[in-house]
Structures are given as structure tokens and as C-alpha cells.
Amino acid sequence: MAKEHSGLLAPLRVNTRIGEEIYQLAAEIYPICRSITGDGVRRTIDVLTRHVPFRRREIPSGTAVLDWEIPKEWNVTDAYIKDAQGERLIDFNRSNLHVLNYSVPINRRMPLSELKAHIFTLPDQPDLIPYRTSYYKESWGFCMSHHQLAELERAGGEYEVVIESRLQPGALSWAEYLHVGETADEVLLSAHVCHPSLANDNCSGLALLTILARELARIRTRLSYRFLLVPGTIGSIAWLAENEANLGNIKHGLVVSCVGDAGGPTYKRSRRGDAFIDRAMTHVLRGSGTSPNIIDFFPYGYDERQYCSPGFDLPVGLFQRSQFATFPEYHTSADNLDFIRAEHLGASFRWMAEALDIIERDRRMVNLRPKGEPQLGRRGLYTAIGGDRDAWTRNMAMLWTLNLSDGRHSLLDIAERANLSFDVIASMAALLAGHGLLAETCGST
Amino acid sequence: MAKEHSGLLAPLRVNTRIGEEIYQLAAEIYPICRSITGDGVRRTIDVLTRHVPFRRREIPSGTAVLDWEIPKEWNVTDAYIKDAQGERLIDFNRSNLHVLNYSVPINRRMPLSELKAHIFTLPDQPDLIPYRTSYYKESWGFCMSHHQLAELERAGGEYEVVIESRLQPGALSWAEYLHVGETADEVLLSAHVCHPSLANDNCSGLALLTILARELARIRTRLSYRFLLVPGTIGSIAWLAENEANLGNIKHGLVVSCVGDAGGPTYKRSRRGDAFIDRAMTHVLRGSGTSPNIIDFFPYGYDERQYCSPGFDLPVGLFQRSQFATFPEYHTSADNLDFIRAEHLGASFRWMAEALDIIERDRRMVNLRPKGEPQLGRRGLYTAIGGDRDAWTRNMAMLWTLNLSDGRHSLLDIAERANLSFDVIASMAALLAGHGLLAETCGST
Amino acid sequence: MAKEHSGLLAPLRVNTRIGEEIYQLAAEIYPICRSITGDGVRRTIDVLTRHVPFRRREIPSGTAVLDWEIPKEWNVTDAYIKDAQGERLIDFNRSNLHVLNYSVPINRRMPLSELKAHIFTLPDQPDLIPYRTSYYKESWGFCMSHHQLAELERAGGEYEVVIESRLQPGALSWAEYLHVGETADEVLLSAHVCHPSLANDNCSGLALLTILARELARIRTRLSYRFLLVPGTIGSIAWLAENEANLGNIKHGLVVSCVGDAGGPTYKRSRRGDAFIDRAMTHVLRGSGTSPNIIDFFPYGYDERQYCSPGFDLPVGLFQRSQFATFPEYHTSADNLDFIRAEHLGASFRWMAEALDIIERDRRMVNLRPKGEPQLGRRGLYTAIGGDRDAWTRNMAMLWTLNLSDGRHSLLDIAERANLSFDVIASMAALLAGHGLLAETCGST
């Protein structure tokens, strides 16, 4: 078994164009104005479905889901603030961040005094437009740079304030794709699809999961992989409500967002704290040559909040580069296509693929010659000594694997104890198994 | 329940005069010459009984208590060393530390050569009178500053050495007060009453416990509170011997001494090391803005030695400011009324009250909407975002409480995990319970 | 019991000549050319048997032992490289390291070009001869200093290359000595006997174990002590194969090598990691006034690799001064009699004796007066206070022992918790037992 799967994810790791492909896809969906409902989500799903046969799900406004209710559907076609001369000082067509997400429609002339209560800026970052929402309280507003506000104040007089939006019964949409593996055990991979033009948060996550799904679709896997592109909070709550009966299949999971910048990597553990995904991600990131930020669960962030609520307590962590809310570009117009890079997306992809590889390949082996060391030299397994660092590592990996394959330690346990990569341990385990020195025990990890 | 008790101890914490009241009471008992038996103890109890209806207990000399026997009662009325001219060079009336505590009577003239074997000084702290005792070996002696010894030597000739003391059958005395709460579960609060004019060790502890008892007497509590003012070692041993059958009621306890100086705070864990009082005191002191000294149990110190002997192993810790035997004033005449301050006594009181508050209020709650997050905004629970640090803390406290209220975590568990104060967690738990989102599980912590 | 054994190992620790005796014995066996088989091993055993009645065991070539087979026996009588003038440029008689250990015979003239493939030097340590072996692959070769190689190259012309060795059916030899104690429980003490003239690795270990066996032979012990001097790897494997049925008796064990240099001390834990020997050695070394290097098990090193293979998993650690392969003299001609010192051998002996002392004396005691502290003063046990540091330590040792002797803590547990030496705890336990305050529980640790 170990042998059979060992190479399955290998191609993913060597495709040097993966990062570039993810970037291009992120760039393609970047301009779309998304929200938690509406056509922006549908258009985004349409684009991604060109790569992976996502199934779009819709659930009508007003449906009760857990403690929540599906809200009205929101769509916006135009929005602006014109000065007395009819010039558009603020124009939705230039940035969809300008509209407070989920604004009710407005079309009135008003003085600055009245308008100002509906304007959001970032005085400390005067060049940037903030991203703001008002999903569950009916309101309207404009987000703009602090410089734009100053300009607007200079214009004076009355302003024509228009938001052409509709807030009416419709549906909540999400995308789902299941890659069926040999077992019903599932890996849940989830990204939020509700943010408008923010590149890292979360065009990067949507594009990465889409390309990962495309690559997985080509290969045979032991586990099944469920990809979810859901509006934040309400989307995962709706999905959980609809799929409550099948959650027992979910053995591992990751929420993915902000995977395209140069920071981190960051991994936030599942609520359980010692789930296998927590150990696999930690192993990969600690061996990545970076200084990863591995943090314990806390009940704030993305949809891991819902997956890790106490009534579900799924083994789902959060993978990011820079941790959300800690970088200055977060939730501003500076989270644009310059902020993310193909190389960072590629590295994020690779680390996730390595963690999935561990999930696929980990198992418990037993040493069939457990009394004393078996004579490796006779079998040509012991690499000659010399300055060869790789040979040394392979020899140590063999010795560790033989010593700890007592039925209690899995390959990941051994890799952690030996402080060697899972990959070299799994490879040497396969080699030793090929020489009749190891056998797989019944039951994987 | 949570709501009902939440404010019970609150008044204790806001009475800004508490520190001053404790100081005044400590000052009142400071001049009395106490020992492990005798009228000094009785007079001290009399003073304290003006504030709290302490019950004085007496147990006759010669009574066997555990491995010990109640000693003869000791009283001293006068003591001095006169020079050849009849001038009192050392005078008990100036400091009761001058007499080796439990000295047998003496009335003789003698030269320095004979006297010197009975003199105790601190050559490294030549201005200070040491505090010395000889409870269980009949002896006599004088404690004095090293300067006084030099003066005495200068006087020369024969000295008239007088200690007017009586060591004869009598009784051991202690004070006890029980504040009866809703349950028979008891909190034991113990201070030693045997030291003469030492302000921090332990007029401070006697006064603090008396004022705490006075305040508790005014309110309804869940637990019962037993206050013990006992002579060190023999007093707690006598009490343990008399109350062995009821020790099972003691669920928490603190020995208190040296609570008036500027040092520490210090908390020495119970022998168990993970008793609830250990966690409560650690939580309070770590959140106090100081750098507390939290130390593991060791079998030396105050009466926690007896309460934590292996045959009893009660959950009793030791609370101090500066740790005993680590400050230069310890067991010297410099441990006087200048060494303690109302503000420090007030802070010590506050921290103890906060720990008792945790004991009173901790419980396990269960999230009644455990699947996904409940929609807090709809219920007006989610405070609007902004620069409001307190609002952020309250929001996080709600999210943590909901996430961890799974029947396994108590409110203190949650506070520790969230790194938030018990108070904010307990307050938010009460708020959530009021909105039907949490319920108390049967059985408190 | 505690009393009876307490002094058994004491003489070992005070014999100030022990270090010198070990050194002299190491020096005596240093010149012998040992290998994993052959007369060098037999001669070494003969020398050591003058001090201890070792039993020599032989097992014929070709015998299957676990996954291995006893190799042919190797003996060498002479070896050299002569230049065209017939001068010995390299001469086995000057250093037995010159011959690649287990070289097949050779007797040919050849040019440098052919010879060079069979020469081993250390270019980074040009003065030193390396130690190399080729046990399981038939080969021949010469080890020399890099300077010697240069000299040889300067000589030019053809070389006469001679190794007078025999590789033929014979036997594997080892030495074994069992000191029988009161119980069948055994302590295994093992050293490798296969290295030629290397003083630290492992004449030091062989000599130390021999002198330790000699000393133990004189006294009564609770446990039995099995001393093994075995060729590395194949020797321990052969012994394990022959003694598999009795391995259950081995309760503790140490592999010993490189115990004569100034480094370390180093202790490598058994595979179990928490075996009693691991705790005993850690306690001794951490209390030794050095900065010991305590490391977890890893499956590389000496014969602990075999004892700790998963099919045996014996509680055997490795004791060294400098850790193998970390000091520049390791496996070179610089590991000579100047590199080891009597004082270091003596200290190594002392620490091992202290650890064995803990094994002999550890037990669980119960406090017979567990309620409150017993009155030590009445029994004359409480040493008067004063500047006496030892008295303070003894008092604290009594208090700790009384407090923790609850049937759950052994004397070593208490010593670890109290951060006091096992010796003072065990001595005070014996004293308290003599006063009827402690009794041994049935069953030792």
C-alpha cells in the first residue's frame, strides 16, 4: 500500500507552473463583486467550473439553517457619489470596495453633514479603501480612501448619492466538488467565496483549491476530498445544516485563505489541537525551511469557527500565509493583485500537497526482524559511509523506522521522533517492506 | 445561579478603605506579647472579637494531640538586664522581642561570660533585634541588637538578669469563626497568632482575615468559610486533632501570613499542586499586573505543613507578599508598623477576594446552540466593532465561552484557555445564559 | 533493608586509587590488536580475567544468530608497505590501526596508482591515523596519516604491500561474569571488546567494568550483576540469541564506552526513555557538579542499538564522557593513552557506582505518623539551627521524606522532587525508620 500511493501526489509538487496557474485564476476572479449572496458568487463559480466540475448549490432566502436564516439576496449594479457638477467623485466601477457590502439602495441628494455618517475611511492608511460589510443590519454606506474623503469635502455643496442595489428574496449559492477516493473517509477543503476585490483574502484561496481539485481529479487517492467554496459564516452554516448526517466521514480538513502573500506560513490548529491534520501541517511547515507560525485554535477567524463549534468539533485547521488581521493590507484595497505572487501561491500549494501526502501515506508498519538489528549490509540496504549527507539520512531513516515499527508508531510518529521528513521515512519504509523487513499492520492510522 | 452570586464579593473589592481598616487593626494588636500559649494570645483574640464573633477555644496543657502534647502555658510580665548601677540596659517593656520566647524565669546576677551564652544578636544587621524561640526545650535568653550587646559589654561588671515568666500548666488558645454558606463545603482560612511584635509576620494576616470574616458575614455565600487564628504548628495540630472527623468538608484553603509588605505576591501551591485553590490563586495573581512568585509546595513554612501532611493532604496553599525568610526584615525588629502599608494590605485583600469569587462562581455551563455559532447580532449581544478594547474583549469572551461550554470545561478552564479574566468570562456566561444560549450543568466544579 | 545495603557500595566511592587502577588496566590491554573475532579478543579476556573470574564464551563461525551469521575468524600477524629500497614505510608493528580491520591477506608489488584505492587518511587531521573496518565485505586496506601518505608518494616506484592475515572458520569470543545477588533481577553492564589500540573507545570501558566487577565481587548486593565484554554488534547479537529466554531478568542496564576522557558526562537514555536506570543516571549526573549531556535514545551508537531493538526493548542506556563521534580524537590514533586520565576514569566509576547504589537502595517507605508532622525535636532528630548547611539539608531531607512517604513515592521520587541527593534522602529515611517513623512497604520499586 505504502508503495502504491507514494507517488500519487508527487507530480503536484514538481509542476513548476502551478503557482502561475493559480495566480492567473485568482486574477481572473479578482474583479468580480462578490458578497455572501448574489450574482457575483455565481459568476465566480462559473469561472472556476471551467477547471473543475463544481456543483453549484442554492438555498432559498428565509430558510432556517441551524441558529441562522438565509438572508435576502443582494445584487448591486452601480453606485456613485456625484458632486454638484455631476462628476462621479466616488465610482463603484473603479472599485467594488466603494460600496458598503449589502447596502440597501439609495438615490438622494444630501449635504456632507448627512452623508458623512455613511462614509468609512482609514485615517491611518489614507491611500487605502477599507472593506466593510453590513450583512445582518440594513444600512447603506460608502468606503473610500481618506484622501478621497478630503476631496469630497473640498467639492462642497450637495451630493448625489446613488446605490443601485437590490435586496430581495433569492438564494444563497455555493460550490461543491467531491473527488471520490478508495474510502469514504473525507478531507474537507474549504474557502470563503464572499469577499469582493480582495486578492489574498480570498481569490488566492479559491484559485488554489480549484487547481488542487483539478490535480487531484487526475489521480487515484485513498481518501475522498470534498472541496467547498462557501460564503463566509452563513455558507458554512448552511452547508453544515444540510450535511449534518454525513459529517462523520470528515476525518481531516483545512480552511484556506490568504495563501498568496509572502508572509507566514501560518497554521492554526483545530479545536481538538492534536488532530492528525494538525500534526501533518505542523510537520510540513516546520520542515519547510521557514519559521512557521503554529498557533492554537481560537474562536475567531474564518469558517473553522463553524466547523470547530462544540456541536461539530471537526478536525479542521486554518492554513494561511500571513495571519489574518495582522498585515496592513488586510481588508483594504491594498490587498490587490500586486500583493500576491505566483511563487507564494506555489509554495502554499506544495505545503498543502505535502500534508495531504502524509494523510494518504501514513500507516503503522511492524518490523518483521525486531530482535536486534537486521543485517542491512547483506541486503545492500546500508549505503556506504562517506561525505554523502543523503546516504546518512537514508541510513538513519531506516534505523529509526526499524526501531520504532513496533505496531505503536505510525510513519508520522517515527518522522516526528527522528526529526526527519515524513517523505524519507515513508520512502525507506517502502524500501524495507520491499525487502521483507517491514509489513503493514491491519488498520491505518 | 451564576447571576445570583456574581456580585456577592464585588463590594469587598471596591471598598477603598479596607486596606486602611486592616492596617489599623494590625497596629492595634502589634504591641501585644504573643507566644504559642498564654494571655497574649487571649488578649489578641479579644481585640479581634470586637469585629467578628470569634469563638475562643482552649485545650489543657498535657493533652495529647496527634504526635504532640500541649505544652505548659507561658506568660511573661517583665524582663530586663541591669548594669551594676541598676540601669536597665535591656528592657522587655521597650520590645517584647528582647525575651527569648518561652524563656523559663531567671533572676540572678552574673558576669558577661555567663550571660553571653544566652544572648542572641544579628551581627550582619547590627541595628536589629532578632526574634527567637525555644518552645520545646526549656531555656532562657535575651535577644538584642548587636549594638546593644556592645553597649552591654562596655558596661562591664556584674549584670542583674531577670525574666519574670511563668511556665506552668494552663491551656493552648485559638480563635475560630465559621461563616455558614449554602453548602457544607468549607474554605479554610488560617493565620498564625503566636508571633509577638512582628507586624508583617503576622499581625497583617490576623487583621486581614478578621476584616475578611467581617465582610463575608454580611453576605450570602455558596460555600462556608472557616477562619482559624491558631498558634503556629501546635495550634494547627491541635485543631486538626480535634476536627479530624470533619476535614472532608474542606474543599479549599489558604494559610495567610506576611500580607502587608510591598513584595511578591507569592503563592505556594498545596501539596496536591493542582487543587482548585492553586488554580484560582494563580489565575488571580497572574492577571494582577504584578510578577507573582508562584512556587510548588515544599514541606517548610507555616501551618500548610500540617494541613498538607500526607495523612491529611488538604487542598491548602500559602499566600504571602514577600516569601518568608527571603526579606531582611524577616524575624527581626524591622518587621514593624513601618514595614507594612494599607495599600499593600488592601491589594492582598482584593486578590484573596477575587480568588474566593472564582471559588464561589465557577461552574460548568453547556452551550444550548452548540452547532455552529449562534447568531449573536440578532440578539443584540455582539458589540459593534471599533476602537473599543472592552467590546472586543467581551466579544471574544462570548465566543470562547460558547465554544468551550461543552460540559467538560468550567468557567475557570475557559478563562485560562482564553487568557481572559475569570470575571469577564463569568459575566459573559451570565449574559449568554440570560439569552438562553447557555445553561448550567448539574454539579458545579 | 535500607540500612543493611546502604553502605555496600560506599567503599567503591572512596577508594581513591580506583581511577589509577582502571588506567593501568586500560594501558595494559591498549597495545593488543583486537577485532570482532580472533586472538586479540582472547588475549584481552585473558588479561582481564586476572582480576575477575570472567568466563570466556566461544561460538563457531557460520552459526546463525538472529538475523546474522558468525563471520570467519580474523587474525593478523604482520603488515607493511615497503618502498623499493625495502624500507617499511608503513608498519603494523608501530600501530595496529594501520591495517584496515578484517583485511584479507595480500602480498604483492604494485604502483601507487593501484595501492591508493586501498589507503585511508584524514586530510583534515593530517597527523592522525584513522580507524577503519570492513567486517562484512572482504577487502584489504591500509590506514595512515595524511603525512605518511605524502611520504609514501614521495618514495615513488613500486611498493611491496603485505598483510599477513588469516580469515578462516574459527569462533567469536566474548567474556561474561555474573555476580549473584539476593535476587535474580539483573543489571546488565556491557562494553565492546572489538576495537584495537583505541584507549577511550574502548580500553577505558573494558577496564572500568573489570574493576567494577572486582569490587562488586567483594560485597553482598540485592541485585545480580552481569558483566559482558562483547565484540560490537555481532557480539551482543550472539549473546542475545543465546540468552533470549532469560532476558526477562534484566531490570536495568548500561552500555559503557569512552569513559576516560575529560568530556561530558553523557548519558543516552534507553529506548523506553523513562526506565529506572534513565532516572538514576540522570539524577547522579545532574547532581555531579558538571553540565551533563542527557540525550534521548536514537538508534545509532553502540550495543544499546541491539539491546534496545523493538523485539527486546531492554532498559539499557549508554554512559560515556564525550559523546561518540563528537570529539576529534574519535576513531583515530589520537585516542591513545594520553587522551584518558585516571581522574576521569575514577569519576566515571564513581558516578556509575552512585547510580547502582540508587538501584540497590531505592524503595517505597510509608510514614507511620502521617497526620501532621511528627515531633522530630522530641526524638533528637531535628538538628539545631545555625549556619550549618548540612544540618539544614538533613532537616529538609527528613521533612520531604516524611511528607512524600505516602506509598506512592519511592526514595528516588522524593530526591527528585526535593532536589536533594538520593544519598541524603536514603540516609534520612533509614534514620527515620530507625525511630519508628517510617516503614518499608512490601515490594521495592
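The values are calculated or read from the model by the stated rules, or taken from the named source; none is laboratory data. Here the structure is a predicted model, which is why all the values come from computation and not from measurement. In this analysis, Cβ positions are derived from the backbone assuming ideal geometry, glycine residues included, and neighbour counts consider all displayed protein chains. SASA here: full protein model, heavy atoms, side chains in, ligands and nucleic acids out. Shrake-Rupley method; radii C 1.70, N 1.55, O 1.52, S 1.80 Å.
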* Specify the residue with the greatest mean-square fluctuation among B:246, B:395, B:336, computed from a Gaussian network of chain B linking alpha-carbon atoms under 10 Å apart. => B:246
* Asked: Which percentage, to the nearest 5, of the DSSP beta bridges contained in chain A is antiparallel?
  -> 65 percent
* Structure fact -> Listed by chain and number, the residues whose amide H is under 5 Å from that of residue C:170, excluding neighbours fewer than 5 places away on the same chain and using placed H, are C:61, C:73
* **Test item: A:396-402 mean partner chain Cβ contacts at 10 Å** => 2
* **Degrees separating the helix B:146-155 axis from the principal Cα axis of chain B, which is the longest one** => 10 degrees
* Asked: From the phi of every residue in region A:187-192, what ³J(HN,Hα) in whole Hz does the Karplus formula 6.51 cos²θ - 1.76 cosθ + 1.60 yield, where θ is phi - 60° and glycine or proline is x?
  -> 10, 8, 10, 10, 9, 8
* On Cα atoms only, tilt of A:205-216 relative to the major axis of chain A in degrees -> 40 degrees
* **For region B:369-432, convex hull of alpha carbons as volume per residue, Å³** => 81 Å³
* Asked: For residue C:65, which sequence-distant residues (separation of 5 or more, or a different chain) have an amide H within less than 5 Å of its own amide H, given hydrogens modelled in the peptide plane?
  -> C:70
* Alpha carbon convex hull of region A:24-133, volume per residue in cubic angstrom -> 165 Å³
* Out of every Cα-Cα pair in region A:220-343, what percent are more than 22 Å apart? -> 38 percent
* **Estimated vicinal HN-Hα couplings, Hz - region B:48-54 in sequence order (Karplus 6.51, -1.76, 1.60; Gly, Pro = x)** => 5, 6, 5, 9, 9, x, 4
* To do: Report, in degrees rounded to the nearest 10, the 0 to 90 angle that the Cα long axis of helix B:422-434 makes with the longest principal axis of chain B.
  => 30 degrees
* List the aspartates and glutamates whose Cα lies under 17 Å from the Cα of residue A:82, skipping any in the same chain that are fewer than 8 positions away. => A:91, A:114, A:151, A:153, A:158, A:160, A:164
* Asked: Taking Rh as the Kirkwood radius, which is the inverse of the mean 1/r over Cα pairs, what is the Rg/Rh value for region C:271-403?
  -> 1.11
* When each copy gets a label point 7 Å from Cα toward the beta-carbon at residue C:380, what are the spacings between them in nm, shortest first? -> 8.1, 8.1
* Inter-chain shielding of C:299-312 (mean C-beta neighbours from other protein chains, 10 Å cut-off) -> 4
* Asked: Can you give the Kirkwood hydrodynamic radius for region B:300-341, in Å, rounded to one decimal and based on Cα pairs?
  -> 12.2 Å
* Nearest residue to the symmetry axis between C and B, taken on chain C by its Cβ, in whole Å -> C:274, 12
* **Gaussian network model of chain A, Cα within-10 Å springs - most flexible of A:365, A:352, A:110** => A:110
* Structure fact -> Long-range share for the protein assembly as shown, i.e. C-alpha pairs more than 48 Å apart as a percent of all pairs, stands at 56 percent
* Any chance you could check the Cα centroid distance between region C:139-203 and region A:160-221 for me, in angstrom? => 67 Å
* Structure fact -> To the nearest Å², the heavy-atom accessible area per residue of the protein assembly as shown with 1.4 Å probe amounts to 37 Å²
* Any chance you could list P(r) for region B:333-413, counting all Cα-Cα pairs in 10 angstrom bins from zero, rounded to whole %? => 15, 28, 26, 16, 10, 5, 1
* To do: Considering only DSSP beta bridges where both residues belong to the protein assembly as shown, give the percentage that are antiparallel (nearest 5).
  => 65 percent
* To do: Roll a 1.4 angstrom probe over the protein heavy atoms and tell me the percent of accessible area of chain C that is carbon or sulfur.
  => 48 percent
* **For region A:55-213, alpha-carbon Rg and Dmax in angstrom** => 19.3, 68
* Structure fact -> Counting sequence-distant residues (5 or more places) and residues on other chains, those with an amide H built under 5 Å from that of residue A:441 are A:364, A:365, A:366
* Asked: With a ≥ b ≥ c the root eigenvalues of the C-alpha gyration tensor of region B:112-151, is it rounded (a/c under 1.5), prolate (a/b larger than b/c) or oblate?
  -> oblate
* Tell me the distances, shortest first, between residue B:75 and the same position across the other copies, using label points 7 Å along Cα→Cβ, in nm to one decimal. => 10.0, 10.0
* Evaluate region B:147-261: find the radius of gyration of its Cα atoms, find its Kirkwood radius, and give the ratio Rg to Rh. => 1.18
* To do: Provide, in order from the shortest bin, the percent of all Cα-Cα pairs of region C:69-163 in each 5 Å bin, continuing until the bin that contains the maximum pair distance.
  => 3, 14, 26, 27, 18, 8, 3, 1, 0
* **Cubic angstrom per residue, convex hull over Cα atoms of region A:19-64** => 86 Å³
* Structure fact -> One quarter of the C-alpha convex hull surface, i.e. the mean projected area of chain B in nm², amounts to 23.0 nm²
* Structure fact -> Kirkwood calc, region C:180-231, C-alpha pairs only, radius in angstrom 11.7 Å
* Within a Gaussian network of chain C (alpha carbon springs, distance under 10 Å), most fluctuating of C:42, C:132, C:218 -> C:218
* To do: State which entries of B:116/B:137; A:268/B:371; A:251/B:371; A:251/A:371; A:137/A:268 exceed 27 angstrom in Cα-Cα distance in the structure shown.
  => A:251/A:371; A:137/A:268
* **For residue B:182, label point 7 Å along C-beta direction: distances to other copies, nm** => 5.9, 5.9
* How many percent of DSSP beta bridges within region A:102-259 run antiparallel, rounded to 5? -> 45 percent
* To do: Might you report the magnitude of the Cβ-based charge dipole of chain A about its Cα centre, with Lys and Arg at +1 and Asp and Glu at -1, to the nearest 20 debye?
  => 1440 debye
* Asked: Where does chain A land at 222 nm, in deg cm²/dmol rounded to the nearest 500, when only DSSP H runs of n ≥ 4 count, each adding -39500 (n - 2.57), divided by all residues?
  -> -9000 deg cm²/dmol
* Kindly write out, for region B:401-409 in residue order, the coupling ³J(HN,Hα) from the Karplus curve 6.51 cos²θ - 1.76 cosθ + 1.60 (θ = phi - 60°), rounded to whole Hz, with x marking Gly and Pro. => 5, 5, 5, 9, 7, 10, x, 9, 10
* Structure fact -> Counting as exposed only GluC sites (Glu not before Pro) in DSSP loop states with no more than 16 other Cβ atoms inside 10 Å, the longest exposed-site-free span of chain B is B:183-445
